[in-house]
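K.L.:
Can you read through this structure? Questions will come right after.
The values are calculated or read from the model by the stated rules, or taken from the named source; none is laboratory data. What you see is a predicted model; the values in this text were computed from it and never measured. Note that we place each Cβ from the backbone using ideal geometry, even for glycine, and neighbour counts take in every protein chain shown.
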Amino acid sequence: MSSDDDAAISRPAASSKPTGMSRFLKGQSDSSSDSDSSDDDESDDSDQDRSGDEESGDEVKFIKSAKDKRVDAMEATMKAMENAQKINDWVAISNEFDKLTRLVQRQANVAERVPSFFIRNLSSLETSLSAALAKEKDAKKKMNASNAKALNAMKQKVKKTVKEHERDIVQYQKDPEAFEREYAASVSIETPAPRTRVSGISEGGDDETPEPEDFTTVGRGGRVAQYTSDGIFKNLQLVQEARGKKNTDKAEQINILERLLEVAVTAYQRIRVLLALISSRFDYNSSISSHMPIELWLSAQREVDQLIAIVASDPQYSVEEVTQDYDELLERTPEQEADGVVRIRGSIISFVDRLDDEFTKSLQNIDPHGTEYVERLRDEKGLYQTICRSQGFYEKTEQTEPLSRVILRRLEHIYSKPDAVVQALESSAALSPSVLSVSLANKGTTTALIHSLCVHLYKSGNPVLRTRAMLCHIYHHAFHNDFYTARDMFLMSHLQESIHAADVATQILYNRTVVQIGLCAFRVGLIREAQATLQDIFTTQRVKELLAQGVHQQRYQTMTAEQEKAERQRQLPFHMHINTELLEAAFLVSSMLVEIPLLASIESEELKRKAVSKPFRRLLDFADRQVFTGPPESTRDHIMQASKALQDGDWEKCRDLIQSIKIWMLMPEAGSVKEMLSKRIQEEGLRTYLFTYAPHYSTVSLSLLSRTFSLSPRATTSIVSKMIWNEELSASLDQSSGVVVFHRIELNRAQQLAQTLADRVNAMVEQNEKSLDLKMGGTSSWNERGDGAKGEKRGEQTQERKGRTERSRGGGGGATRGKGGRFAQGLGTVATRVR
Amino acid sequence: MAEYDLTKTIIPFLDRHLAFPLLAHLAETGLFPVDHVRAAQYELAKPTNMVDYSVSLFTQLHPEDEVPEEFASKRENTLTTNERLQNEAQSVLDVIENPEVAQALRQDKMQNLQYLKDHYNLTLGQITALYHFGQFQYSYGNYRGAADYLYHFRVLSTDNELNLSAHWGKLASNILDGDWDVALEELNTLREVIDSRALPTGLTASGELAAVAQLQSRTWILHWSLFVYFNHPQGRTMLLETFLVPTYLNTVQTAAPWILRYLATAAILSRKQSSGGASTTGATSARVRHALKEIVKVVQTEGYQYHDPITDFLKELYVEFDFEAAQRELTAAERVVENDFFLGEFREDFLDNARYLISEAYCRIHHRIDIADLSDRLNLSRDEGEKWIVNLIRETRMGADAKIDLEKNVIEINRPPLPMYQTVIEKTRGLAFRTQALGAAIEKTQMQGQVPEVQPAAAEAR
């Protein structure tokens, strides 16, 4: 009779089997106890586990250990119960019984036999319980309420427990003595091996003392002999059953599987072992916050490669997520299968996904300024290779759904990278054996590569993948300074309307894309567009958070630990960050160029408050209040002082200040950007000058203007003409003498008020129309007037584009509001989710 | 000039037959070698049933070669098919042309079909013969006949797909026939049909397909309508009306930015109506009046996609205010217009109007203008320029403000600033009416009893 048979009642018996067996065998093959103690050491046991191991020690009464204590405790409890039974105190019995079941449960957990006295007690309890119930029924005088309640509860509990131990009880009732004997025997069978060990312990003095050299040589040797290709499935099953259990030793499991992989012979065996091995590697780290050890990740990556290679090279084997049931313990070959293909349950795509996720997670956790981060980043090459390899595999086997997923993974690795990096990644991917339909080599440029990847994803049915692909594509265009394409794609995608419904990761990608478009506009010199695009995100004042590049510090409320954890998980790895300082510089400079002339053009104080760019205005006001301004240090200082200079018409100083900002270094083609900026500064300087000083002149010579601002006479004339035409400047040109003639009308107070009143009334009517529109549900039927300038825009599916064009020209605050609101809303959802 | 020729860009969006006039025009302008154009014409004609035409083109192209055999057999084929189809169609036509039947036919197509079936044993299949015959006639160039048959078919048929196809066919036939009034009518109905197709919303694959199909038909409409709009007397105004509808403007921007040339030209051409103010042509809508402004905006945003001398002219004039550059572009634009198939006839008008635009802008910005300089800007000689300017001053409302000082050879423009009260009046002009409309709308909803909670808004409005 082996211990295994009887241990059937204790649930995790199976898991304990291998260890038990190995221990047993070890004991035989080598009587040195070191192997066992080292076993303990290596497998970094939990406390409970160790107490389980020590069980044997208790049996032979060498040491009074936890196990021993437990048995004692059980006996004590039972005594108390017996006493309570005698006085019919069911409350006490119930309490004691609970305690007892807990103890027994623990016993079962460590895979030990339930002591026979427990069974004995249980059956006696059952009888006394039924007797008590019968008596209660007949009795004239009822028990007190609590007692009765406890009695009933006991009835339920006992029933339940009896069911759990049904078999033992039956055996016990049949022949109590035999049962006792058997128990004693089973315990003693288990003892021999531990006994030798225990003696070892007593020699070594301490359980914990490891002797590593011995452990490696002997321990391994003893074990390898045990794993053969014949027993592979059985071992595999044992490992799989133990998976996810509380006291399973993960490192041990991985070890076993690695060994199994060494002995695996057939492709089927190798696939099976690899599947199990990779998942157990991923299991190794159960915590969400910390990342997987890098060595483990690397070997997992290798094994995924291996797995793909096996499956790709042999089309007779296929790994599928849904398969028919098959016997896990049998070897299967293609010949046996109906269609000649062995289908194995598993999912390669989920491994690839997980690999990628773990990579990101490790980058999140490594300090980005250390060398470790760079080291880690090198692994991306391998990962990219794996992804490409799996893409090749899926292309070959024509599995569309995982193919799209894998392509998206690939896309996300390259979309935000400069060409050189993509080239490096691609060249590594080209080394892989599988042939890719799409690669840099056959596409020529990165843009073409990304385009073809995206097109593939657009064709796939999955809207999430498509959205992400679209955003990546737009981002890529923006990154490569292709502003118009990026903008058109962005507007035509209509993502602005649906982005709040997307998941947080996609929203972050959306924000990144928007910001990149803004930067792109800045780089190519479209200042207004840049300002309008970036403004949305800067008015929220949570740039870092929205780009997932840092956790936002909330002033009035603190986040719970969980929220913070969730937030941290969302963070992008450092190398993907968009430099926020550069972003801010771009935004503030473009705000300056838009805002300063505007400020100068507005006369009344009241209107001045209506700022186009609030964040910029706030900074400017702050700078205004400063009593003393020292030399500029930060980027903001530079820009603020430059704004002041621009306001005074001192464009050269403004230019120098802006160009001395160090952060431009980070911008690609910084030189041309600076040049562009200085040109803009000249133009805007001229405009500001004209706005500011027009009231003080009756004529200004054009040549003077062009000299002062170093602009060509033609450009000067063009700018002045534009201002006159747009009625920003009440003036006209005198061609013969080459001067600007100002016509200034001084409004008196009453006239001014009348004008304001008219504006207000106008605004009110518009407001009313808008609110009526809302109530009528957007059907614009009621105000189909001749000048349908407003009506016609509504309900048009592509009005976005129009709105955009208006905005890019108008520059006024009005047009921006709608979009800004929408954007902020989108961010709002992120915020609420974040919270 | 060849680089500004749009024939190649436009042809993919036209029917084979519609491309013939374009190519014929190209042959005339001589922008391309005649042989090349002929070869293109021949290739174009070969698959059609216009055998004789193809043969003549072939002989022109290869005078020394024999005419290939295939044409003879094709000719035979065509004739027999024609006869067969005609027979089929004739039976239907006989029935329909019967006055008795014409009287009995009603609006309801289903009922008509039933009626025809009951009384004359006409089935849908036979009616479709009309369509086939019409199509066949079109293919050998009998456009008038094709238009007739297709019209009859459309009246009777209930098949939506074929009906749409018949619509296109009839439009093409009318265009090629030069029947502009009918073509215009046809164009408008076709546009309605296309626009009324509801699109499934959402990012579904089918919805996307439908959207793409709609975009495509709109692009076609844009191109086909050029024939109509640049030939119909009222065409330019209507072109502006149609193309500036947001949906079509978007189509232009996304799918066919070169249409901007025609849009810009139409806007320049219709300046007279617009500057004449609402008093002369009351019918011109606000859209046409503001067309130029809007088009300049579009031209500016689409500049990266498409530009030619005409759009550049507008850009230089209204965005950069660089009159020298505008003048340069105008010279180039003149030649482009001259060589363009659609615009060729309007060269004079175009030039005239463009000059007006330049001088108008010039006068608005300047206070004192040297006549010589202005004439220069307008590509006119001194004397011509003076005459022109006098006319300009007389025609436009600047009369009171502008004076010519011949001694100094300058124009003095004195534009007194708008009085304050005028500004306020301008600003508050439409308000009463708008509020009234608001009130009416609210009352309407109240009467329907649908949205009783509008009341607070009503109180606010007053």
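K.L.:
Regarding A:F483, is this residue closer than 23 Å to A:T446 by Cα, under 25 Å from the mean Cα position of the chain (by Cα) and within 14 Å of chain B (Cβ to nearest Cβ)?
P.N.:
no
K.L.:
Let me ask something else. Against the conditions (1) charged (D, E, K, R); (2) in contact (Cβ under 8 Å) with a residue 60 or more places away in the chain; (3) assigned to a helix (DSSP H, G or I), where does A:E728 fall short? Just the number, please.
P.N.:
(3)
K.L.:
On to the next question. Those residues that are at the interface with chain B (Cβ under 10 Å from one of its Cβ atoms), under 25 Å from B:V296 (Cβ atoms) and of a type in the set (S, T, Y), I need them from segment A:711-750; list them, please.
P.N.:
Once the filter is applied, which keeps residues that are at the interface with chain B (Cβ under 10 Å from one of its Cβ atoms), under 25 Å from B:V296 (Cβ atoms) and of a type in the set (S, T, Y), segment A:711-750 yields A:T717, A:S718, A:S721, A:S730, A:S732.
K.L.:
Moving to a separate point now. Residues of segment B:348-407 being farther than 24 Å from A:V700 by Cα, free of Cβ contacts under 8 Å to residues at least 40 places away in the same chain and of a type in the set (F, W, Y), which ones?
P.N.:
Across segment B:348-407, the qualifying residue is only B:W388.
K.L.:
Something else about it: Quick one: would you say B:E83 is closer than 26 Å to B:F153 by Cα and modelled with pLDDT under 75?
P.N.:
Judged against the criteria, B:E83 is not a match.
K.L.:
Among the residues of segment B:21-37, how many are surrounded by 12 or more Cβ atoms within 10 Å (Cβ to Cβ) and more than 25 Å from the chain's Cα centre (by Cα)?
P.N.:
Result for segment B:21-37: 3.
K.L.:
Quick check on A:L491: is it within 12 Å of chain B (Cβ to nearest Cβ) and in contact with a Lys or Arg (Cβ under 7 Å, 6 or more places away or on another chain)?
P.N.:
Working: within 12 Å of chain B (Cβ to nearest Cβ): yes; in contact with a Lys or Arg (Cβ under 7 Å, 6 or more places away or on another chain): yes.
Yes: the conditions hold for A:L491.
K.L.:
Quick check on segment A:237-275: of everything there that is in contact (Cβ under 8 Å) with a residue 40 or more places away in the chain, aliphatic (A, V, I, L, M) and closer than 15 Å to A:V311 by Cα, which residue is surrounded by the fewest Cβ atoms within 10 Å (Cβ to Cβ)?
P.N.:
This residue is A:A267.
K.L.:
Same structure, new question: Tell me, which residue of segment B:143-185 that is free of Cβ contacts under 8 Å to residues at least 60 places away in the same chain and β-branched (V, I, T) is nearest to B:S91 (Cα to Cα)?
P.N.:
B:V155
K.L.:
Right, next: Would it be correct to say that A:I508 is buried (at least 24 other Cβ atoms within 10 Å of the Cβ) and either outside the structural domain of A:D379 (by TED's automatic domain parsing) or of a type in the set (A, V, I, L, M) (or both)?
P.N.:
No.
K.L.:
Then there is this: From the list B:G141, B:G145, which residue is under 27 Å from B:Y53 (Cβ atoms), at pLDDT below 85 and in a loop (DSSP other than H, G, I, E, B)? Please lay out each step first, then the result.
P.N.:
On the way: B:G145 fails: in a loop (DSSP other than H, G, I, E, B).
The unique qualifying residue is B:G141.
K.L.:
Condition first: buried (at least 21 other Cβ atoms within 10 Å of the Cβ), in a helix (DSSP H, G or I) and either touching a residue at least 60 places away in the same chain (Cβ under 8 Å) or touching a helix residue (DSSP H, G or I) at 6+ places or on another chain (Cβ under 6 Å) (or both). Can you find one or more residues in segment A:545-564 that meet it?
P.N.:
Yes: segment A:545-564 contains one or more residues that are buried (at least 21 other Cβ atoms within 10 Å of the Cβ), in a helix (DSSP H, G or I) and either touching a residue at least 60 places away in the same chain (Cβ under 8 Å) or touching a helix residue (DSSP H, G or I) at 6+ places or on another chain (Cβ under 6 Å) (or both).
K.L.:
Find the residue count for segment B:220-273, including only residues that are within 14 Å of chain A (Cβ to nearest Cβ) and of a type in the set (S, T, Y).
P.N.:
Residues that pass the stated criteria total 5.
K.L.:
Here's a follow-up. Which of the numbered conditions does A:A478 fail, given that it passes all the others? Conditions: (1) more than 14 Å from chain B (Cβ to nearest Cβ); (2) crowded, with 24+ Cβ neighbours inside 10 Å; (3) more than 16 Å from A:L583 (Cβ to Cβ); (4) small (G, A, S).
P.N.:
(3)
K.L.:
What helices (runs of 4 or more DSSP H) lie completely within segment B:306-424 and have 2 or more residues being within 14 Å of chain A (Cβ to nearest Cβ) and among the hydroxyl-bearing types (S, T, Y)? Can you show your working first?
P.N.:
Values: elements: B:309-315, B:323-339, B:347-365, B:371-377, B:382-395.
In segment B:306-424, the matching helices (runs of 4 or more DSSP H) lie at B:347-365.
K.L.:
Search segment A:457-474 for residues that are outside any helix (DSSP H, G or I) and pair each with any residue that is of a type outside the set (D, E) when their beta-carbon atoms are under 7 Å apart and the residues are at least 6 apart or on different chains.
P.N.:
Hits for this filter: A:S460/A:T400; A:S460/A:S404; A:S460/A:R466; A:G461/B:A205; A:N462/A:S404.
K.L.:
For segment B:117-138, which positions are surrounded by fewer than 16 Cβ atoms within 10 Å (Cβ to Cβ) and not in a helix (DSSP H, G or I)?
P.N.:
B:N121, B:T123, listed by residue number.
K.L.:
If only one of A:K79, A:K64 is over 20 Å from A:L133 (Cβ atoms) and modelled with pLDDT of 75 or more, which one is it?
P.N.:
Of the residues listed, the single one that is over 20 Å from A:L133 (Cβ atoms) and modelled with pLDDT of 75 or more is A:K79.
K.L.:
Another question, then. Residues in segment A:571-611 that are at pLDDT below 80, among the aliphatic types (A, V, I, L, M) and outside any loop (DSSP other than H, G, I, E, B): how many?
P.N.:
1
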